[in-house]
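Have a look at the structure below before the remarks.
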Amino acid sequence: MSFPEGFLWGGAVAANQVEGAWDVDGKGMSVEDVVAFKPKVDVKDYKANASVTLAGIREAMADTDLTYYAKRRGIDAYHRWREDLALFAEMGFKCLRLSIAWTRIFPTGEEEEPNEAGVAFYEEVLAEMVRLGIQPLVTLSHYEMPLALALKYNGWADRRLIDCFERFARVCFERFGAYAKLWLNFNEIDSLIRHPFTTAGIIEDLCGERGLRATCYQAAHHQFVAGARVTKALREMIPDAKMGLMLTKLTTYPRTCAPADVVATQQKNLENLFYADVQVFGEYPAMILRRLETEGISIDMEPGDLEVIRENTVDFVSFSYYMSMTESVDPNAERTPGNTVLGVKNPYLPTSDWGWQVDPVGLRVSLIELYDRYRKPLIVVENGLGAHDTVEEDGSIHDPYRIDYFRAHIADIGKAIDAGVEVMGYTSWGPIDLVSANTNQMSKRYGFIYVDEDDLGNGTLERSRKDSFHWYQKCIKSNGEDLD
């Protein structure tokens, strides 16, 4: 297998999961600042972990104890980012995917002028990345929108957020465009239907007669329009930059070859791909529109919406891939958790400590499917293994399970490239231990770098290299040729 010259090896993080400093230098509260670690909830029950209520949000806003609000602490990257970037550079990173916390730039989302302290922070971080030879891949919205917009407008359910988001994006392009040429609009935009609060600031209590599901599709339309408008702005302001979309790739196989299972699987995959279809093809898929009509869901559109979506499609497609699943119409089929989703368990695959099924071949299948469908360059921007790690008495961390995971997945990326797929890069999820997106845990560790912090915030925050650190360093140095 041959990875192309200039392949973007690296890692990916999100501001809300690493920065901490939730109320420092003028930062406003984000939706993630009111989502708590729930030690009494099964970590495999993603719906219970992701559920929020208006009363719960109000209670969280008043709570000054950070013990269970892990994302308010993160791993203190806001103060330790230089150390972390140096470790990434030591591994040989060519690229780092990071996000800009909207609430550091516009604390409530409605200010006319940006918070200069927040702008200065990211200018410094991005400049250091470039100095180290690490290309920034910047996500504009990664589950960290202003809480004020959620409470005032029910998030992206309201069209006014399009203007708020465009104002934020334009500041990012103006102030950070000298450093960043690769951008993503919305992280895992399809997740809006699965956890609407963190993805779009939607609070079910505020959805009224329209209901949660219909509200989510309306919010998705507003994000499609906003994504197209900021893509247009990017091309005007930074002509040599590129905008991509970001999808949760929920690759699903039929549980059996029974036609009913095949049909159920097909529908699930079409729903997953819908959010990318709009941004690549510039139009709503006819079958999705028909399904929404059948369900009695109408989307309010203004004149010019479909035109701006059609004229400002993305340059590349990025996606997360952690696991595959199967689907069946059998109501008794055993289901297992994955990346904010439940699927029917595949008996041919092993599972992680959190119940996610490990399927490297599924990554190859995903790459081939996406490239065949979209004919756009691809980047795998999230892929990794959440696992329990043990620190030995001498301070070493042996994680052969993580090395095995990455070795197998990277090998299948190589096979997809050999098959003719254009893959631009690979940024592993969580190259440094961070707060889990769904369960708000530190004990679900993804990193090549260990962070001494537990689920309740105890620890020194000291960074340590795991065995996988040295393995990935070798992989990058050999441009994917040495996976031993």
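No value in this document is a laboratory result; all are computed from the given coordinates. All values derive from a computational prediction rather than experimental measurement. Please note: Cβ atoms are built from the backbone with ideal geometry, for glycine as well, and neighbour counts cover all protein chains shown.
If Lys and Arg each add +1 and Asp and Glu each add -1, what is the summed charge of the other residues whose beta carbon sits under 14 Å from the beta carbon of His398?
Net local charge, His398 excluded: -3.
Report, in debye and to the nearest 20, how large the dipole of the chain comes out about its Cα centre when Lys and Arg carry +1 and Asp and Glu carry -1 on their Cβ.
My answer is approximately 800 debye.
Contact order normalised by length for segment 8-477, with contacts defined as Cα pairs under 8 Å and 6 or more residues apart; what percent is it?
This gives 18 percent for segment 8-477.
Decide, for segment 74-136, between rounded, prolate and oblate: order the square roots of the alpha carbon gyration tensor eigenvalues as a ≥ b ≥ c, take rounded if a/c falls under 1.5, and otherwise choose prolate if a/b is larger than b/c, else oblate.
Because a/c hits 1.5 or more and a/b exceeds b/c, segment 74-136 counts as prolate.
Hey, got the Cα dimensions of the chain along the principal axes, in Å, largest first?
The Cα atoms of the chain stretch 61, 57, 49 Å along their principal axes.
With θ set to phi - 60°, apply the Karplus curve 6.51 cos²θ - 1.76 cosθ + 1.60 along segment 203-209 and write out the HN-Hα couplings as whole Hz, x wherever there is a Gly or Pro.
10, 4, 4, 9, 7, x, 5
If we count other beta carbons within 10 Å of each Cβ, what is the order of Val435, Val451, fewest first?
So the residues, fewest neighbours to most, are Val451, Val435.
From the helices alone, meaning DSSP H stretches of at least four residues, give me the mean residue ellipticity at 222 nm for the chain, per-run term -39500 (n - 2.57), in deg cm²/dmol to the nearest 500.
Helix contribution divided over all residues of the chain: -12500 deg cm²/dmol.
With the dipole of the chain worked out from charges on the C-beta (+1 for Lys and Arg, -1 for Asp and Glu) around the Cα centre, which of Asn269, Ala180, Ile238 lies farthest toward the positive end?
Farthest along the dipole direction, towards plus: Asn269.
Ranked from highest to lowest mean number of other Cβ atoms within 10 Å per residue, what is the order of the peptides 414-420, 12-18?
Packing order, densest peptide first, comes out as 12-18, 414-420.
Which percent, to the nearest 5, of DSSP beta bridges fully inside the chain are antiparallel?
Rounded to the nearest five, the antiparallel share is 25 percent.
In whole angstrom, how far apart do the alpha carbon centroids of segment 1-18 and segment 32-77 sit?
First find each Cα centre; the distance between them is then 28 Å.
Going toward the positive end of the dipole of segment 286-421, with +1 on Lys and Arg Cβ and -1 on Asp and Glu Cβ, which of Ile417, Gly296, Val341 do you reach last?
Farthest along the dipole direction, towards plus: Ile417.
Quick one, can you get me the convex hull of the C-alpha atoms of segment 66-212 expressed as volume per residue in Å³?
128 Å³
When the Cα centres of segment 419-480 and segment 116-156 are compared, how far apart do they sit, in Å?
20 Å
Sum up the charges of everything whose Cβ sits under 13 Å from the Cβ of Val130, counting Lys and Arg as +1 and Asp and Glu as -1, but leave Val130 out.
Residues close to Val130 contribute a combined charge of 0.
Show me, for segment 464-471, the HN-Hα J-couplings you get by feeding each phi into the Karplus relation (A = 6.51, B = -1.76, C = 1.60, θ = phi - 60°), rounded to Hz, glycine and proline as x.
Those phi angles translate into 9, 7, 8, 4, 5, 4, 6, 5 Hz.
Could you compute the net charge surrounding Gly343? Neighbours are other residues with a C-beta less than 14 Å from the C-beta of Gly343; K and R count +1, D and E count -1.
Summing Lys/Arg as +1 and Asp/Glu as -1 gives +2.
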